[in-house]
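One structure below.
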Amino acid sequence: MTVTIVGSQLGDEGKGGVVDLFGEAADVIARYQGGDNAGHTVVEGGTEYKLSLVPSGAVRGKVGVLGNGCVVNPKTLFAEIDDLREQGLDPDVRVARRAHVILPFHRVLDNIEEDVKSDTDLKVGTTGRGIGPTYEDKMGRRGVRIGDLLDPDVLRERLEYVIPQKRALVEDVYGIDLEEVDDVIEGVDVEDAFDVDAVYEQYERFGERFAEEGMTVNAGEFLADTIDDGGEVMFEGAQGTLIDIDHGNYPYVTSSNPTAGGTAVGTGLGPTTVGRGEVVGVVKAYLSRVGSGPLPTELGDIDEQEEGAGDTEADEIATYIRDEGGEYGTVTGRPRRVGWLDLPMLRHSTRASGFTGLAVNHVDTLGGLDELKVATSYELDGEEIDTVPSTTERWARCEPNYRTFEGWADVDWSAVAEEGYDALPPEARAYLEFLEDELDTPVYAVGVGPDREDTVVRENPFE
Ligand code: GDP
Ligand code: IMO
Ligand code: MG
C-alpha cells in the first residue's frame, strides 16, 4: 500500500506537515521530483524543522529516498543532513543512482537566465537553485547522474563534454564575460563553476561521501523490496499542481511533475502499484504564491502591500492572512501573494492527480474574518467555465465568480484539535463540506495550526 501526498495549488500548501502526520504509519518516505527548491516545514511539540531535500519523514526517523525523478545538489543535501543532525535528528537518506546532479553552473545559469528575462513577462521568479537548467540537461542527455559521481572516469568524461558548452552559452549567447560577473552567485564561485578540474575535484569528493555512507540505491528496487517485505511507502510531492511543468501555468512553473503521475516515473515503481494506494491532495484554505504568473483570485497588490501603501479592503485581508499564516517563503523568505480559494483550480488538480482524499490546512489562519470568498467558476470571453484553461494567457484573463461564506471566529484551535471535527466552528465545517461536495472527495484531515498536534484527523489513508 502506498500513499501519495500532492500539492493541489501553487506550492506551500503544508505538504510537509501532512507527510509528517500520516507518515507515522510509513516505513519509507520517497520524494519523486524537484530538488532543494522545496521548503517543507514540520512542527513537532513546538520545535520547527525546515526541510528542503530531505524527505519530511526524517522528523519521525523514517528512511527517506530521493527518487530518480529528483535533482540533487550534494552540497546542500549534505549541509541539510548536517544541520538536522545538529537539531538532534538522524536522517537516513538514500539517493537514487539515476537521479540527476545539480552542478554549480546550473545555479549560475538559473540566475543569469532570470536576469536576462527580468525586463520581460517571461521572468519566472525561480528559487535560483538551478532546478530548470539541471532538468534541461537531463532531457538533453548531457546531465550527470548520482551514479556517475561514483565512477571518476565517467564523471570526468561527462564534465569535459558539458562544461565547455555551458561556458560558450554564457559567453557567446548571453554575451557575458565570466571574468566580469560577480565572483559569487547564490553561494557559487562563478569561476570554479565553469572549470572542469574544480568541479571534478569537488564532485568526486561528494561521490566518495555518498559511497562511504552507503547512501546510493536503485530506488525502484529499494522501494519494491520494501513493499514486498510488507513495508508501507509514502510519496512526498514537492511544489504544487499549478506549477507542474505539464499541468501548471507554463512558463511560470517548475521543471518537474508534482502531480501524482510523477510518482511512478520518478521512483521506478509501476503506476499500478501507486494506483492501488491513496492520493491525498493538500489544500490550503486560501491561496498563496511566490514567483510570477496569474492568480485570478489574488487579493490586492503585493508590491503595494509590501510598501504599506495598499489600503483597499483586499490589501487589508491579504496582509491579515499573510501575517496570520506566516506566508513568507521557506527557502527564499519572499513574501507570498495571497488570494481566495479557487475551485476551478482544485477541480483541475483533483482530476490531474486523482485525489482519493483531501487535507485542508490553515483553517485557523482564516479565523477572525467576517466573511470569505471562494471562486466557484470563471468568466472568460462571456462564457462561464469551471476549470483552468490550458493556456496561461487565457487563465490570466479569467474573472472569478465568487460565492461568499460566513467567516468563523478565531477560537482555541488546540482545543478543537483535541476534541475533533465536530468542535470546529459550524461556519468552518460548512466551508469544508462545500469543498467535499464540489470535488466529490472526502476531507481526511483539517489543519488548525502548524504543529503536528494541531490537526483534526477524520481518516488515516494507511488504515
Ligand atoms: P509545504 O511546502 O507544502 O510543505 O508547505 P510550507 O512548509 O512551505 O508552508 C506551510 C507553512 O504553513 C509552514 O510554516 C507550516 O508550518 C504552516 N502550516 C501548515 N499547516 C498549517 C495550518 O493548518 N495552520 C497554520 N497556521 N499553519 C500551518
Ligand atoms: P514547496 O515544495 C512554492 C516556484 C518558484 C517559481 C517556480 C520555478 O515548498 O511547495 P524553480 O526554482 O522551481 O525553477 O522555480 O516555482 N516554486 C515554489 N513555490 N513552493 C515550492 O516548493 C516551490 N518550488 C518552486 O517560486 O515561481
Ligand atoms: Mg514550501
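From the list S288, S255, which one is touching a Gly at 6+ places or on another chain (Cβ under 9 Å), within 16 Å of ligand 1 (Cβ to nearest atom) and either at pLDDT below 95 or among the small types (G, A, S) (or both)?
Within the list S288, S255, the selection yields S288.
Residue check, F210 against (1) away from ligand 3 (no atom under 16 Å from the Cβ); (2) touching a Gly at 6+ places or on another chain (Cβ under 9 Å), all met but one. Which one?
The single condition F210 does not satisfy is (2).
Does N401 satisfy the condition of being surrounded by 14 or more Cβ atoms within 10 Å (Cβ to Cβ) and free of Cβ contacts under 8 Å to residues at least 60 places away in the same chain?
Taking the combined requirement at face value, the residue satisfies it.
Out of segment 12-24, which residues are within 11 Å of ligand 2 (Cβ to nearest atom) and open to solvent by 10 Å² or more (accessible area, probe 1.4 Å)?
D12, G14
Just need a number here: residues in segment 157-201 that are open to solvent by less than 90 Å² (accessible area, probe 1.4 Å), among the acidic types (D, E) and free of Cβ contacts under 8 Å to residues at least 12 places away in the same chain.
3
Any chance you could count how many residues in segment 320-335 are closer than 18 Å to V43 by Cβ and either in contact with a helix residue (DSSP H, G or I) (Cβ under 6 Å, 6 or more places away or on another chain) or open to solvent by less than 20 Å² (accessible area, probe 1.4 Å) (or both)?
3
Kindly indicate which of V331, V363, V338 is within 16 Å of ligand 2 (Cβ to nearest atom), among the aliphatic types (A, V, I, L, M) and in a loop (DSSP other than H, G, I, E, B).
So the residue among V331, V363, V338 that is within 16 Å of ligand 2 (Cβ to nearest atom), among the aliphatic types (A, V, I, L, M) and in a loop (DSSP other than H, G, I, E, B) is V331.
Could you tell me whether segment 376-383 includes any residue that is over 15 Å from E298 (Cα atoms), surrounded by 15 or more Cβ atoms within 10 Å (Cβ to Cβ) and at pLDDT 95 or above?
yes
Of the residues that make up segment 115-128, is at least one open to solvent by less than 30 Å² (accessible area, probe 1.4 Å), more than 30 Å from V43 (Cα to Cα) and either modelled with pLDDT of 95 or more or among the small types (G, A, S) (or both)?
The answer is no; no qualifying residue exists.
The values are calculated or read from the model by the stated rules, or taken from the named source; none is laboratory data. Worth saying up front: this structure is predicted, and the values here are computed from it rather than measured. Counting neighbours? That spans all protein chains shown, and the Cβs are built from the backbone with ideal geometry, glycine included. Accessible surface areas use protein heavy atoms only, side chains included; no ligands, DNA or RNA. Shrake-Rupley method; radii C 1.70, N 1.55, O 1.52, S 1.80 Å.
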